[in-house]
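A short write-up of the structure that comes next.
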Ligand code: NDP
């Protein structure tokens, strides 16, 4: 298709990209969103598990992990495998699952193939039912990991950490919570997820709506009827429902709403790019033929291809790796010219081609030309989270489903009765916020606690006041026996988040296993090693997500990629695959370069 594009066509396309971006830039950036505290606190309450009063927990474990999602599960599993039996996971929700505990909206499904996304398949023996599994199966897999590794025995649920404090004399961490707990642990890790706290759009009048409202991450099935497995939401049959936001979440739940609601109004600021899904069942007989170690090989294959590398075969073959295939074909067609300029041109041409296909698909599937026009995305594919769905676009052909496009400006106001766009009020009975999660805001606002290290220095507020400072994204100076588990200052691989977490878990287990093996009391990164790592990241400046030329969104700090805590968005300059190779080599070498292991008298071991 690109071959049919002239240079003029391309210039016009890129001019449109710039114009659509300009239209959406706003001075307030992240400040446009409303935190779910105070009068908005109920948007973050747990609708799935009743809070039961219990006695405070005060005992000690070897390892405590804050967060019961894949970060906590992967780390705890690796620790158990390394022989650390008493691992305690502390979790705000009522069970394991993290994002899959909270996100139970109808249609919730993983956009990354289950074969690489669902960790520990070889350990648990779980056979994914589909190429892209639905949320209930992923939640159940999380619980299965908890059972398989005996993590329920020590776990503490429905509990929010309020403070973590280092006691230097005892070489122990004290963890305080909203339940009055004062738990102790020799080691602590925090992995609360990059998309943890729901946020609301800062729309004038948002507090005045008199109807029913909730955020997609706390779906109110009591109000809608139906269930996470996709049963019809019968209670909506006579309701007028508005949903605000058209990101990856809305793309999955809108088809279900369109089928169930009396009238559905979808309020759109920026359309998502919707590529084909092509889901299919996984054949258990075929799955049984996979050789041990297959999952790590599949993960590496996907990461290689998704980040622009070359591999003999594409094991996953999906929308994430498709663009890389196109780039490779172009480069090879150009006579193996691997110069940066040739690679960039191949990337841009492939992206132009892909986005033209995505826009053509909209035209092909949508009956009303005005609606089709409004649903076309005008930006490069990886500027925003790519979406994949085979029913979302067609939802707008249903007579009761209305796309209300705001031409990049967002909803104008919310009144007692409904939602206002371009001066028109749309009266609704219910507003559903598919408005995403806090990403670029301060860490304490997102986590709800701080960590007090040696000499009382707080990690998030003080030590990281100018942004993260770590070795490998895991260790910070002044915080002995403490680990951070996430994507930043590490691989920063967003297309398959659990890959980052599996590697982090194995690395932590190796460090703790070594510390315990040599009888160390404390393990801490040296200031020099931390500084060298940060310097390396800054020199490379490989940012998370889209850059300045992209339409605003959480991928590029709402259009301000160079502002705020830039250090928090940096990844290993050589790319995710290189990071994974580096960290594997580092932990397997047994030297743990950059860390200092000390005995109880403070002597370096
Ligand atoms: P997003 O942050 O991606 O989307 C929020 C939406 O709200 C955007 O469409 C945004 O528009 C819109 N919005 C914000 N303010 C306003 C306003 N004032 N008026 C109108 N619209 C507004 O959140 P999601 O929950 O959709 O997704 C978050 C992330 O969660 C995804 O990017 C993905 O990483 C993950 N996810 C993964 C899934 C999977 O694997 N299957 C499924 C769902 C989510 P604009 O774009 O203009 O800012």
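Read the figures in this text as sums done on the coordinates, not as results from a lab. Not measured: the values here are computed from a predicted model. Heads up, the Cβs are rebuilt from the backbone with ideal geometry, glycines too, and the neighbour counts pull from every protein chain shown.
Set against the 2.2 N^0.38 Å expectation for a compact globular protein, region 307-381 has a Cα radius of gyration ratio of 1.31.
Its DSSP H runs of at least 4 residues, each contributing -39,500 (n - 2.57), put the calculated 222 nm mean residue ellipticity of the chain at -9500 deg cm²/dmol, to the nearest 500. Evaluate the Debye formula for region 355-452 with equal point scatterers sitting on the alpha carbons, no solvent, and hand back log10 of I(q)/I(0) at q = 0.15, 0.21, 0.22 Å⁻¹, in q order, two decimals. Log-scaled intensity ratios, in q order: -0.84, -1.23, -1.27. A simple spin-label model places pseudo-atoms 7 Å from Cα toward Cβ; at residue 220 and residue 397 they are separated by 3.3 nm. For region 131-176, place one equal point scatterer on every Cα, skip the solvent, and apply the Debye formula. What is log10 of I(q)/I(0) at q = 0.14, 0.19, 0.23, 0.26 Å⁻¹? Log10 I(q)/I(0), no solvent term: -0.59, -0.79, -0.88, -0.94.
If I take R0 = 25 Å and measure r between the Cβ atoms of residue 531 and residue 599 in this structure, what FRET efficiency does the formula 1/(1 + (r/R0)^6) give, to the nearest 0.05?
Working: r = 25 Å, r/R0 = 1.01.
After rounding to 0.05, the efficiency reads 0.50.
Taking all C-alpha pairs of region 517-605, those more than 18 Å from each other amount to 59 percent. Calculated on the Cα set of region 364-518, radius of gyration then Dmax: 23.1, 70 Å. Here the gap between residue 417 and residue 445, fully extended at 0.36 nm per residue and compared with their Cα-Cα distance, gives a gain of 7.0 nm. Rounded to the nearest 10 degrees, the inclination of helix 248-260 to the longest alpha-carbon principal axis of the chain is 50 degrees.
For the listed peptides 572-582, 382-392, a ranking on the average number of other beta carbons within 10 Å per residue, highest first, reads 382-392, 572-582. On the basis of the beta-carbon distance and an R0 of 35 Å, residue 578 and residue 424 show a calculated FRET efficiency of 0.10. A simple spin-label model places pseudo-atoms 7 Å from Cα toward Cβ; at residue 409 and residue 563 they are separated by 2.2 nm.
In region 370-420, the ratio of gyration radius to Kirkwood radius, Rg to Rh, stands at 1.01 when only Cα atoms are counted. Once the C-beta distance of residue 285 and residue 367 is scaled by a Förster radius of 45 Å, the resulting FRET efficiency is 0.60 to the nearest 0.05. Net length available on complete extension from residue 341 to residue 542 is 70.6 nm, with 0.36 nm assigned per residue and the Cα-Cα distance removed.
If I take all pairs of Cα atoms in region 52-99, what percentage of them are more than 18 Å from each other?
Working: 379 of 1128 pairs.
Counting pairs separated by more than 18 Å, the tail of P(r) holds 34 percent.
In this simple spin-label model, placing a label point 7 Å from the Cα along the Cα-to-Cβ direction at both residue 297 and residue 28 gives a separation of 5.3 nm. Diffusion coefficient of region 205-352 by Stokes-Einstein, Kirkwood radius over Cα pairs, 20 °C, 1.002 mPa s: 110 µm²/s. Helix 7-24 versus the longest principal axis of the chain: what angle, 0 to 90°, nearest 10, using Cα atoms? So the helix axis and the longest Cα principal axis differ by about 70 degrees.
Could you give the alpha-carbon Rg of region 83-122 over 2.2 N^0.38 Å, rounded to two decimals?
Normalised Cα radius of gyration, region 83-122: 1.50.
Overall, the ratio between the Cα radius of gyration of region 229-284 and 2.2 N^0.38 Å, rounded to two decimals, is 1.35.
For region 144-285, the alpha carbon convex hull comes to 229 Å³ per residue, rounded to a whole number.
Rg/Rh for region 38-133 stands at 1.02; both radii use Cα atoms, and Rh follows the Kirkwood definition.
Rounded to the nearest whole angstrom, the semi-axes of the ellipsoid equivalent to region 81-178, taken from the Cα gyration tensor as √(5λ), stand at 30, 17, 11, largest first.
If the chain between residue 50 and residue 348 were fully stretched, how many nm would it gain, using 0.36 nm times the residue separation less the Cα-Cα distance?
Working: separation 298, 0.36 × 298 = 107.28 nm, distance 5.07 nm.
Extending this stretch completely gives an extra 102.2 nm.
Express the relative contact order of the chain as a whole percentage, based on alpha carbon pairs under 8 Å and six or more residues apart in sequence.
Details: 1187 pairs, mean separation 114.6, N = 605.
Relative contact order for the chain comes out at 19 percent.
Among 178-187, 44-53, 86-95, the peptide with the highest mean count of other Cβ atoms within 10 Å heads the list, and the full ranking is 86-95, 178-187, 44-53. Compared with the dominant Cα axis of the chain, that is its longest principal axis, helix 319-333 is turned about 80°. Measuring max minus min along each principal axis, the C-alpha atoms of the chain give extents of 74, 64, 53 Å (largest first). Separation of region 385-402 and region 133-191, taken as the distance between their Cα centroids, equals 39 angstrom.
Along each principal axis, taking the top coordinate minus the bottom one, the Cα set of region 443-523 gives 38, 35, 19 Å in descending order.
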